[in-house]
1. Based on Cβ point charges of +1 for Lys and Arg and -1 for Asp and Glu, what charge dipole magnitude is obtained for the stretch 56-167 about its Cα centre, in debye rounded to the nearest 20?
2. Quick check on the exposure proxy: order Leu64, Leu336, Leu144 from fewest to most C-beta atoms within 10 angstrom.
3. For the charge dipole of the stretch 286-352, defined by +1 on Lys and Arg C-beta atoms and -1 on Asp and Glu C-beta atoms about the Cα centroid, which residue among Leu311, Gly342, Pro287 has the Cα displaced farthest towards the positive pole?
4. In the structure displayed, which of Lys59/Lys271; Lys141/Lys271; Lys3/Lys157; Lys183/Lys330; Lys204/Lys241 lie more than 27 Å apart, Cα to Cα?
5. At a 10 Å Cβ-Cβ cut-off, how would you order Trp191, Trp211, fewest neighbours first?
6. By how many nm would the segment from Asn290 to Leu338 grow when fully extended, if each residue of separation counts as 0.36 nm and the alpha-carbon distance is taken off?
7. R0 = 30 Å: FRET efficiency of Lys3 with Lys271, Cβ-based, nearest 0.05?
8. Rank these for me by crowding, Ser220, Ser285, Ser318, going from fewest to most other beta carbons within 10 Å.
Amino acid sequence: MHKFLIYGANGYTGELITRYAVERGMRPILAGRNESAIRELGERHGLESRVFSLDDTAKLDAALNEVATVLHCAGPFSLTSRQMGEACLRTKTHYTDITGEIAVFEACAAADEEAKNAGIMVMPGVGFDVVPSDCLARHLKDRLPTATDLTLAFYGKGRLSHGTQATMTMNAGKGGAVRRDGKITPVPAAWRTREIDFGGGGVKTGVTIPWGDVATAYYSTGIPNIEVYTVAPPSALKAMKLSRYLGPLLEVGPIQRFMRSRIPPGGPSDKERAQGSTLLWGQASDPDGNRVETRIQCPEGYTMTALAALLITEKILSGDLMPGFQTPAKAYGAGLVLEIDGTTRRDDTDDA
């Protein structure tokens with residue numbers, strides 16, 4: 001069986017992935033709960049479509065029984081991944097998604113034995129989060145096998161889609177997270193800042209965020225202490241720090257609905273994506289003072305998500321997979337990201 005299903009195909013990222021899939025000669029089945037949007041998208045690209053909500057177990061299972069793997073694109077994934085994941089276990093369908101949410105990664109990791117028993121691979125985070133950063137983490141571990149501390153950072157140029165902003169809004173006020181001694185540890189929002197040299201992108205101020213690698217990098221590398229940083233403008237950094245005190249208020253239903261109502265629709269245009277890029281930096285160190293650094297430059301985040309997700313889907317459809325819970329770098333190695341056009345990697349030793 002060589003078909004795959006894109007669920008949430010009518011969202012900004014799902015639609016972009018659909019377009020890229022067709023350009024690569026792939027023929028996904030498109031699915032989602034918005035009948036007019038899904039039907040129109042299918043007709044535009046000459047693809048089959050299915051309309052159902054994740055609550056409709058019968059239609060969900062029927063659709064999954066038609067395919068080998070699903071690419072789940074309907075977030076926020078903390079609200080949707082469980083239903084899709086359980087359906088994949090029932091129907092023995094490989095599961096991938098484009099989440100960046102720590103709780104989803106951990107829930108998938110907890111289902112490792114079930115996935116192995118079902119003979120399926122469960123790989124959340126096959127997009128920008130976490131493919132490039134996961135491969136960076138694995139590469140640093142390969143360079144320094146004795147590493148006990150890992151720091152990752154990224155600097156993306158471009159605006160966010162409606163769906164991404166909705167997920168961020170839902171998580172507003174929940175604080176940050178790092179990994180300490182192998183355990184995910186809550187910390188205040190904007191817990192730490194530091195100056196980061198991204199190379200061609202210059203030195204930027206990074207701030208800790210609860211990015212998906214706090215979960216996944218541990219499974220990919222075994223490194224017990226992990227922090228992830230991103231670059232935020234002063235106004236955003238101020239808002240993050242303010243959320244420490246407004247946290248409970250930001251989670252109240254009416255305020256959540258108001259904040260979501262202020263999010264503009266859509267996402268970056270093709271021109272904006274083409275002009276954008278993403279810079280990543282990582283450092284691993286050990287107790288003896290050994291330290292290695294690596295930098296990666298790759299396409300803009302949404303473009304990267306589409307390319308990475310489809311690359312992994314192609315691998316799954318060809319039979320290149322490992323049953324159970326997997327991360328991109330654990331299953332496919334640190335070089336996976338270099339298979340994507342427009343991606344380069346440079347070690348600190350390359351600068352000498």
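Throughout, read-outs are computed from the coordinates displayed, never taken from laboratory work. The shown structure was predicted, so the numbers you read here are calculated from the model rather than taken from an experiment. Cβ sites come from the backbone with ideal geometry, for glycine too, and all protein chains shown count toward neighbours.
1. Values: 10 positive and 14 negative charges, 68 e Å.
Dipole magnitude for the stretch 56-167 comes out near 320 debye.
2. Listed from fewest to most nearby Cβ atoms, that is Leu144, Leu336, Leu64.
3. Leu311
4. Lys59/Lys271; Lys141/Lys271; Lys3/Lys157
5. Numbers: Trp191 19, Trp211 25.
Lowest to highest Cβ neighbour count: Trp191, Trp211.
6. In short, 14.7 nm is gained.
7. Working: r = 32 Å, r/R0 = 1.08.
E between Lys3 and Lys271, to the nearest 0.05, is 0.40.
8. On the way: Ser220 26, Ser285 20, Ser318 9.
Ordered by Cβ neighbours within 10 Å, fewest first: Ser318, Ser285, Ser220.
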